[in-house]
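The values are calculated or read from the model by the stated rules, or taken from the named source; none is laboratory data. Keep in mind it's a predicted model, so treat the numbers as computed, not measured. Note that each Cβ is placed from the backbone with ideal geometry, even for glycine, and that neighbours are counted across all protein chains shown. The area values use the complete protein model at the heavy-atom level, side chains included, leaving out ligands, DNA and RNA. Shrake-Rupley method; radii C 1.70, N 1.55, O 1.52, S 1.80 Å.
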Amino acid sequence: MAATSGRVVQNIFITKQYQKDGQFGKPRGMHVSDRRTLRLLPFRGGKLVWHGMSSVQLIHTSKYCGISVNRGNVLCNDSLAAAPSAPTFSDAEKIDFMKLQNGSDIRGVAVEGIEGEPVTLTESVTEVIAAAFAAWLLDKKKSDGSGRLKISIGHDSRISAHKLQDAVTRGLANTGVDVIQYGLASTPAMFNSTLTEDDSACCPVDGSIMITASHLPFNRNGFKFFTRDGGLGKADIKAILQRATELHKNNSTGMKDSRGAGSSTIKKVDYMSIYTSDLVKAVRNAAGNLDKPLAGFHVVVDAGNGAGGFFAAKVLEPLGAITSGSQFLEPDGLFPNHIPNPEDKEAMSALTQAVLTNKADLGIIFDTDVDRSAAVDSTGKEFNRNRLIALLSAIVLEEHPGTTIVTDSVTSDGLTAFIEGKLGGKHHRFKRGYRNVIDEAIRLNSIGEESHLAIETSGHGALKENHWLDDGAYLMVKVLNKLASARAAGASGGSEVLTNLVEGLEEPGFAMEVRIKINQSHPDLKEGFFREYGEAVLKHVDNIVDSDWRLHKAPVNYEGIRASGYGGWFLLRLSLHDPVLPLNIEAPSKEDAAKLGHLVLTAIDEFSALDTSALNKFVLA
């Protein structure tokens, strides 16, 4: 790990103090006795005022009304009125907001301490982005004539979560919208808050912000945005960041509509209880309304110290499942045990070991913000990547025969044969990127081609029945539904019913990915623009494939160059965001994969800005 500075120790201390006080578990006020924590918080003025119960509120007198949100950890007992106050942009002055876009998310460095990674997602930058989202949302809502906007905020377990939550709150309150804080939450729950009809939970909200950077290192953080139409896409994020740039330039909140003016209220709501109760109901319904349809099933959960620890106690146990042996359920933004990532070998190995050690029927693993998941059966066989897609496809095609399954571009030829040959469905392989896959499924439905599942090899999976939300918890509910319904129908055995569903899936003998980096400082690149260079590489490889009798280009392909040969296939594509050409190869053996790798290496040899050292090492090994 890169060297850390002393500053990160302070961030860690504050985080641990929050965990000790239960901040990650449920909303709670800051105790007056936590003087060490109070001294560390970056207050910039104002007064500490006792409001009764067990919390301290940081407020200052405003010319607009009695109370305004100020810098620090503002924790509300019920609600606070908050008036607009101009944000301070001093540490945002040199920030290029557009560089914070990461596809359909915003991501940056939020914590000091890693050498060579300066903080880009500061509190001031966050305030501006939050204000920009509120202004963007107001423009979208003008036509429906609705009242004051409500926006919910949630976060995962990262050590910068509370700092950024407070900054988002200030940015939103400065625009006059009402703010609902959920505290520790999952990304799917945040979207659901735009759909839930529950006045006691202030739902539905008009928009939602999830503070997360998925499985990235502890010093990173970011934002995902939702409306009732789903997660925002690339164009929306670009528009919000452009608006943030203008707000920063003009030092303005940008809110001019009466629905975004005046005092704001800030409330804390336990929305996760509502979200989890809906998951429990879904499993019970699938089992014929049995109260405990998973009674006798032993299921272990690995949350990787992210936000998914709720699944054991709040979903599985009410359904009757045994959850002993579940691990890393406590939120810890330093992720001390393993990366919370279903694609990570160490993470999957940890789950597999837990399943085997505890003789469990099933193991479930989530990423940090619970929009991705994977599983392990009782024998230690993994349900991730192609096997997870095959499992969900089998379940969905039982319910919707003949439907189209949309996946990303790196899925195997064996999966296509399984979906189309054994299951009787249609496999539509599209571009990488979970929003690309989801949007393509939505498009197919709009033109009359029925599709009920859009899923990436990364573990992002979305179902039409669940509003096309990539929800890792809901994916596992579909798996649990199968167990529960099989039990209700009289089937015996643990996860055997799941293992049987993927029987016949042809899996490659060898699979690998090599990331070929493009040197942006190389003189061959015009002004450092890697995309044009990468596209030139792909065009050249395309011509080579057309002229090589050993290779057969895929007849339908939406991303990069995909060709088969030597019993396997390769896909060379340009990364969505980075100066990288990822190369995926699957073949019956490592030797056959090396032959495909050699063909690609020869084809790109003349492009001197490419770092082919990793591919060369594999080919010559």
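For segment 326-357, a tally of residues being touching a residue at least 60 places away in the same chain (Cβ under 8 Å) and more than 22 Å from Glu513 (Cβ to Cβ) returns 6. Take Gly448 and tell me if it is out of contact with any strand residue (DSSP E or B) (no Cβ under 8 Å at 6 or more places or on another chain), not acidic (Asp, Glu) and not in a helix (DSSP H, G or I). The answer is yes for Gly448.
Filter segment 497-537 for residues that are of a type in the set (A, V, I, L, M, F, W, C) and under 30 Å from Leu610 (Cβ atoms) and give the result. Answer for segment 497-537, where residues must be of a type in the set (A, V, I, L, M, F, W, C) and under 30 Å from Leu610 (Cβ atoms): Phe510, Ala511, Met512, Val514, Ile516, Ile518, Leu525, Phe529, Phe530, Ala536, Val537. Scanning segment 183-203 for residues that are in contact with a Lys or Arg (Cβ under 8 Å, 6 or more places away or on another chain) and closer than 10 Å to Ile274 by Cβ yields no hits at all.
If a residue has to be under 28 Å from the mean Cα position of the chain (by Cα) and open to solvent by 20 Å² or more (accessible area, probe 1.4 Å) to count, how many in segment 476-495 make the cut?
2
Residue pairs whose Cβ atoms lie under 6 Å apart, sitting 6 or more positions apart in sequence or on different chains, and linking a residue in segment 505-528 that is touching a residue at least 40 places away in the same chain (Cβ under 8 Å) to a partner that is exposed (fewer than 13 other Cβ atoms within 10 Å of the Cβ) and not hydrophobic (A, V, I, L, M, F, W, C), are Gln520/Gly528.
The set of residues in segment 122-156 being within 24 Å of Leu195 (Cα to Cα) and polar (S, T, N, Q) consists of Ser143, Ser146, Ser152. Summed over segment 431-447, the residues that are open to solvent by 30 Å² or more (accessible area, probe 1.4 Å) and under 27 Å from Arg573 (Cα atoms) give a count of 9. Residues in segment 415-437 that are touching a strand residue (DSSP E or B) at 6+ places or on another chain (Cβ under 8 Å) and either modelled with pLDDT under 95 or among the basic types (Lys, Arg) (or both): Lys426, Arg429, Tyr434, Arg435. Any idea which residue in segment 218-245 is farthest from Asp371 (Cα to Cα), counting only those that are open to solvent by 20 Å² or more (accessible area, probe 1.4 Å) and assigned to a helix (DSSP H, G or I)? So, considering only residues that are open to solvent by 20 Å² or more (accessible area, probe 1.4 Å) and assigned to a helix (DSSP H, G or I), the one farthest from Asp371 (Cα to Cα) is Thr245.
Using beta carbons and a limit of 7 Å, which pairs, at least six apart or on different chains, have the first residue in segment 95-118 and assigned by TED's automatic domain parsing to the domain that holds Lys234 and of a type in the set (Val, Ile, Thr) and the second one assigned to a helix (DSSP H, G or I) and surrounded by 15 or more Cβ atoms within 10 Å (Cβ to Cβ)? Correct list of pairs: Ile95/Val125; Ile106/Leu100; Ile106/Ile129; Ile106/Ile237; Val111/Val8; Val111/Asn11. Per this entry, Pro588 is counted among residues that are open to solvent by 30 Å² or more (accessible area, probe 1.4 Å) and within 19 Å of Asn386 (Cα to Cα).
Right, Glu450: surrounded by fewer than 21 Cβ atoms within 10 Å (Cβ to Cβ) and modelled with pLDDT of 95 or more or not? Judged against the criteria, Glu450 is a match. Checked against the criteria, Lys381 does not count as basic (Lys, Arg) and either surrounded by 19 or more Cβ atoms within 10 Å (Cβ to Cβ) or closer than 27 Å to Asp105 by Cβ (or both). The condition of being in contact (Cβ under 8 Å) with a residue 24 or more places away in the chain and open to solvent by 10 Å² or more (accessible area, probe 1.4 Å) does not hold for Leu498.
In the same structural domain as Asp105 (by TED's automatic domain parsing), of a type outside the set (Val, Ile, Thr), out of contact with any strand residue (DSSP E or B) (no Cβ under 8 Å at 6 or more places or on another chain) and in a loop (DSSP other than H, G, I, E, B): which single residue out of His248, His215 fits that description?
His215
Determine, yes or no, whether Leu583 is touching a residue at least 24 places away in the same chain (Cβ under 8 Å), under 30 Å from Asn102 (Cβ atoms), open to solvent by less than 20 Å² (accessible area, probe 1.4 Å) and of a type in the set (A, V, I, L, M, F, W, C). Yes. Counting only residues that are open to solvent by 30 Å² or more (accessible area, probe 1.4 Å) and part of a helix (DSSP H, G or I), which one in segment 394-415 is nearest to Glu586 (Cα to Cα)? This residue is Asp413. Being open to solvent by less than 70 Å² (accessible area, probe 1.4 Å), touching a residue at least 40 places away in the same chain (Cβ under 8 Å), in a helix (DSSP H, G or I) and of a type in the set (A, V, I, L, M, F, W, C) is a property that does not hold for Ala360.
From the list Ala486, Ala473, the one residue that fits, being farther than 18 Å from Ala390 by Cα and in a helix (DSSP H, G or I), is Ala486. Return yes when Thr612 is over 25 Å from Gly103 (Cα atoms), polar (S, T, N, Q) and buried (at least 19 other Cβ atoms within 10 Å of the Cβ) and no when it is not. Judged against the criteria, Thr612 is a match. So which residues in segment 136-170 are among the small types (Gly, Ala, Ser) and at pLDDT 95 or above? Once the filter is applied, which keeps residues that are among the small types (Gly, Ala, Ser) and at pLDDT 95 or above, segment 136-170 yields Ser152, Gly154, Ser157, Ser160, Ala161, Ala167. Does Leu319 qualify as being open to solvent by 20 Å² or more (accessible area, probe 1.4 Å) and of a type outside the set (Phe, Trp, Tyr)? Against the criterion (open to solvent by 20 Å² or more (accessible area, probe 1.4 Å) and of a type outside the set (Phe, Trp, Tyr)), Leu319 does not qualify. Within segment 296-311, the presence of at least one residue that is over 19 Å from Ala473 (Cα atoms), modelled with pLDDT under 95 and open to solvent by 10 Å² or more (accessible area, probe 1.4 Å) is confirmed.
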